[in-house]
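Structure record follows, encoded as structure tokens.
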Amino acid sequence: MRVKGVPFVDLAAQQASIQTEIGAAIQRVLSECNFVLGPQVEEFERDFARFVGCEHAVGVSNGLDALRLALIAMDIGPADEVILPANTYIATALAVSAVGARPVLVDCNPQTYNIDVNLVEPAVTPRTKAIIPVHLTGQAADMDPILEVAGRHGLRVIEDAAQAHGTLYKGRSCGSVGSVGCFSFYPSKNLGAYGDGGMLTTNDQELATRMSYLRNYGQTAKYRHAEKGLNARLDTLQAAILSVKLRHLPRWSKARAAHAKVYRELLSGVGGLVVQQEARYSTHVYHLFIVETEWRDALREHLDAREIQTGIHYPAPIHLQRAYEDLGYGEGDFPESERLAKRVLSLPMFPELRREQIERVAEEIEEFFAYGQQ
Ligand SMILES: Cc1ncc(COP(=O)(O)O)c(C=O)c1O
């Protein structure tokens with residue numbers, strides 16, 4: 001039977017495949033009524049720390065708050081600068097602004113889309129306090145050169161691993177390589193909650209303790225507040241759901257990688273199309289499967305008309321967002337990020353994607369390049 005439309009992500013298919021386990025986990029929380037920092041939060045923190053290969057994990061409200069708490073715990077604030085890629089989701093920059101520090105942007109590598117490590121050191125000034133490499137799309141930024149620059153200048157490294165659950169950088173899990181790893185469990189992430197959620201990972205005991213009370217009003221004992229903290233806790237219900245889903249994640253990541261392989265085979269040689277390069281030093285968990293073409297908008301329309309959903313990650317880099325006009329950057333400052341913003345298209349990618357669906361997407365792309373690209 002011919003496949004009709006293809007969704008970009010299919011959360012319903014995933015939910016249907018685990019509904020009994022999820023139901024039981026939710027039922028347990030409901031019967032205990034321990035909705036805030038209940039035992040399931042600690043259980044999930046333990047499971048996730050083991051998954052990342054870190055000593056500590058602290059469950060938080062979302063990925064943005066994870067980044068924000070990491071910066072606060074490192075005493076980064078007004079008058080400080082933090083280096084991050086121009087090609088990222090806005091949350092990376094917003095966390096820096098939220099603590100009053102200045103985001104200093106760096107262009108990306110045109111093949112991997114991650115921060116161009118050669119441009120990091122030239123961006124360091126006496127005010128620089130940290131670097132936030134983002135493991136965008138599901139593959140790791142090249143961490144070793146970043147750690148070397150950080151070591152030479154006494155900087156912290158915070159990994160934005162919101163799109164990289166389970167990605168390995170030279171055999172080490174993203175989120176365990178820098179001082180702190182920040183994860184998001186936004187529903188469509190590779191490990192997604194049924195609402196918002198996030199996690200901090202670290203091997204630094206002192207930071208772990210501080211981040212864990214900072215997320216809970218700075219409370220060190222009942223009604224004792226050592227610092228002006230936030231309410232940024234991971235919900236018990238989300239933790240219970242995430243523990244169930246974490247058990248399936250390795251299988252889901254394998255499925256994503258297998259789908260990417262099929263896409264690559266079917267799309268190789270399709271004129272005018274470039275597929276994101278896989279880096280030698282990283283595995284890829286394919287949060288996103290991205291292709292590039294100068295006819296991006298027309299291709300997207302062509303697919304849309306055939307009920308094939310796609311995404312653009314992202315249509316504008318940070319320095320061209322109105323929210324960041326105040327940084328004083330302009331068009332042309334980060335040419336690779338700007339070029340990608342005009343060319344990238346994310347194809348349907350989720351573990352439950354079927355071969356026929358991938359074939360349908362590839363056929364329609366071929367047809368576009370054969371007949372319809374103008
Ligand atoms: C790279 C990146 N950083 C941070 C975030 C923020 O995560 P959240 O939506 O959970 O706040 C996201 C996702 O939304 C992201 O993709």
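The values are calculated or read from the model by the stated rules, or taken from the named source; none is laboratory data. Just so it is clear, the model here is predicted, and its values are computed rather than measured. Don't worry about glycine lacking a Cβ; one is built from the backbone with ideal geometry, like all the others, and counts go over all protein chains shown. We work out accessible area using only protein heavy atoms, side chains counted, and drop any ligands, DNA or RNA first. Shrake-Rupley method; radii C 1.70, N 1.55, O 1.52, S 1.80 Å.
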(request) List, in the order given, every pair from 189/228; 4/261; 4/245; 254/342; 189/261 whose Cα-Cα distance in the structure shown is over 26 Å. (result) 189/228; 4/245; 254/342
(request) Report P(r) for the chain: all Cα-Cα distances, bin width 20 Å, range 0 to the bin holding the largest distance, values in whole percent. (result) 29, 57, 14, 0
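Enter the accessible area per residue of the stretch 231-272 (Å², integer; probe 1.4 Å; all protein chains in place).
Heavy-atom accessible area per residue stands at 42 Å².
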(message) Just to check I understand the Karplus step: with θ = phi - 60° and J = 6.51 cos²θ - 1.76 cosθ + 1.60, what whole-Hz values come out for the stretch 2-19, glycine and proline as x?
(response) 5, 5, 7, x, 10, x, 6, 9, 10, 5, 5, 4, 5, 4, 4, 6, 10, 4
(request) Amide H neighbours of residue 156 under 5 Å, at least 5 residues apart or on other chains, H built in the peptide plane: list them. (result) 130, 131
(request) Enumerate the residues in the stretch 188-207 having an amide nitrogen under 19 Å from the point lying 7 Å beyond the Cα of residue 26 toward its Cβ. (result) 188-189, 191-198
(request) Determine the sum of side-chain charges near residue 107: Lys and Arg each +1, Asp and Glu each -1, restricted to other residues whose C-beta is under 11 angstrom from that of residue 107. (result) -3
(message) Let's test the formula: R0 of 25 Å, r as the Cβ-Cβ distance of residue 118 and residue 326. What FRET efficiency results, to the nearest 0.05?
(response) 0.40
(request) Using per-residue counts of other Cβ atoms within 10 Å, averaged over each peptide, order 241-251, 97-107, 116-126, 52-62 from highest down. (result) 52-62, 97-107, 241-251, 116-126
(message) Need one number: nm distance between label points at residue 371 and residue 248, each 7 Å from Cα along Cα→Cβ, rounded to one decimal.
(response) 3.8
(request) Report the antiparallel proportion of the DSSP beta bridges in the chain as a percent, rounded to a multiple of 5. (result) 65
(request) Would you mind getting me the FRET efficiency between residue 98 and residue 281? Use the beta-carbon distance for r and R0 = 35 Å, nearest 0.05. (result) 0.65
(request) Could you work out how far the C-alpha centroid of the stretch 1-38 sits from that of the stretch 123-148, in angstrom? (result) 35
(request) Using a 1.4 Å probe over the heavy atoms of the protein chains, calculate the carbon and sulfur portion of the accessible area of the stretch 186-230 as a whole percent. (result) 47
(request) Keeping all protein chains in place, calculate the accessible area per residue for the stretch 22-72 (probe 1.4 angstrom), answer in Å². (result) 44
